[in-house]
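Written below as structure tokens is the structure these notes are about.
The values are calculated or read from the model by the stated rules, or taken from the named source; none is laboratory data. In this text, all values refer to a predicted model and were calculated from it rather than measured experimentally. Here the Cβ positions follow ideal geometry from the backbone for every residue, glycine too, while neighbour counts run over all protein chains shown.
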Amino acid sequence: MKRDRQIPSREKPLRKGPKENRGGRDFRKGPSGGERGDRHDFREGAGGPEARRFGKPNEPSDHREGRESAKLRDRRNRRIAVERPEPEEREDLLAGRQPVMEALKSGRAINKLVVAKGAREGSIREILGMARDRGIPITELERTVLDREVRHHQGIIAHVAPVAYVEVEEILEKAKAKGEPPFVLLLDGLEDPHNIGALLRTAEGAGAHGVIIPKRRGGAITSTVAKASAGAVEYVPIARVTNLVQTVGQLKKAGLWIIGSAMDAPRPYFRQDFRGPVGLIVGSEGKGISPLLREHCDHLVSIPMGGKVDSLNASVAGALLMYERVRQLQEGVKAPQ
């Protein structure tokens with residue numbers, strides 16, 4: 001009897017593995033032992049079918065669904081900053097915790113407070129308590145609304161009456177009432193609100209009886225100035241005049257010596273006598289004191305520079321000169337000639 005001839009199969013036999021894998025199931029493929037397309041599911045870090053939908057767990061978070069990459073977020077913020085116009089400088093707003101706090105302490109008239117939603121931490125709680133005691137209306141709005149009013153507000157804005165400017169005579173009367181020689185700071189050509197605010201803060205700390213600013217070639221007391229002054233605008237009398245040259249003449253008649261700062265002055269500031277009645281003029285960083293005003297100065301002083309930069313920031317220069325006067329008064333000595 002003929003034996004049937006066996007035809008070899010073209011299918012490759014399963015390779016035998018360990019004993020526990022001899023049942024014919026190929027664990028190199030999917031869980032069903034040969035389903036195509038499932039090999040990816042068992043690779044390290046793949047995470048199965050859900051991972052193919054939502055991304056691998058080991059991939060950076062900016063590739064996951066519903067999250068923005070840091071690069072896209074920065075690009076969006078830059079676009080918003082370009083599209084958002086700079087808020088207009090206003091004289092009837094105070095922004096920031098310290099300026100608003102000092103306005104409340106000084107008794108300045110405040111029409112209402114605007115607070116960002118959720119802002120209750122730190123000194124804001126104390127500010128709100130003081131406002132309630134004075135019966136000041138408080139409004140709570142989204143932070144984006146405050147951003148449209150003032151760029152840097154720290155979560156709180158006060159609607160106030162504009163700064164009440166005084167007359168030059170009132171500044172001189174204040175010094176007389178204290179029994180002190182008048183000390184007045186004059187700002188010529190300064191328009192940067194941060195410099196003006198910083199000089200107001202220093203003038204208040206150095207014991208100046210008042211500050212004089214021009215209506216032209218000078219900045220007004222805006223919310224930025226008030227914030228930069230850290231609330232000093234509430235305590236320093238400020239006169240706003242039409243003509244600084246005429247005002248200098250008025251101060252001279254009242255017995256004040258007018259001292260101006262100039263980069264090319266031969267006398268360094270520490271050799272100048274600042275005691276007695278003094279009117280100190282600080283000019284802008286770029287142009288300094290105007291030529292006509294310079295002619296009316298009794299003395300010109302300079303700040304020696306030892307580096308490659310030829311001048312200091314106006315607020316820094318003014319602070320040096322004002323505190324040289326404080327030093328001379330406290331030590332009771334005359335500056336060496």
Please note which strands (runs of 3 or more DSSP E) are completely contained in region 94-202 and include at least 3 residues that are modelled with pLDDT under 90.
110-116, 138-141, 156-160
Of all strands (runs of 3 or more DSSP E) fully inside region 254-337, the set with 2 or more residues that are free of Cβ contacts under 8 Å to residues at least 60 places away in the same chain is 257-261, 299-301
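Matching residues to (1) in contact with a Ser or Thr (Cβ under 9 Å, 6 or more places away or on another chain); (2) touching a residue at least 24 places away in the same chain (Cβ under 8 Å); (3) assigned by TED's automatic domain parsing to the domain that holds Val248:
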site	(1), (2), (3)
Glu149	yes, yes, no
Leu172	no, yes, yes
Lys176	no, no, yes
Val184	no, yes, yes
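So that you can scan it fast, the table gives a plain yes or no per residue for (1) in contact with a Gly (Cβ under 6 Å, 6 or more places away or on another chain); (2) surrounded by 17 or more Cβ atoms within 10 Å (Cβ to Cβ); (3) hydrophobic (A, V, I, L, M, F, W, C):
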position	(1), (2), (3)
Ile138	no, no, yes
Glu170	no, no, no
Asp192	no, yes, no
Gly197	no, yes, no
Gly218	no, yes, no
Answer with yes or no whether Arg90 is assigned to a loop (DSSP other than H, G, I, E, B) and either on the phi < 0 side of the Ramachandran plot or assigned by TED's automatic domain parsing to the domain that holds Gln246 (or both).
yes
Restricting to region 248-273, count the residues that are more than 33 Å from the chain's Cα centre (by Cα) and surrounded by 20 or more Cβ atoms within 10 Å (Cβ to Cβ).
5
Only one of (1) under 18 Å from Ala164 (Cα atoms); (2) buried (at least 22 other Cβ atoms within 10 Å of the Cβ); (3) not aliphatic (A, V, I, L, M) is not met by Pro237, so which one is it?
(2)
Using the structure shown, decide if Ser311 is polar (S, T, N, Q), under 14 Å from Leu186 (Cβ atoms) and surrounded by 14 or more Cβ atoms within 10 Å (Cβ to Cβ).
no
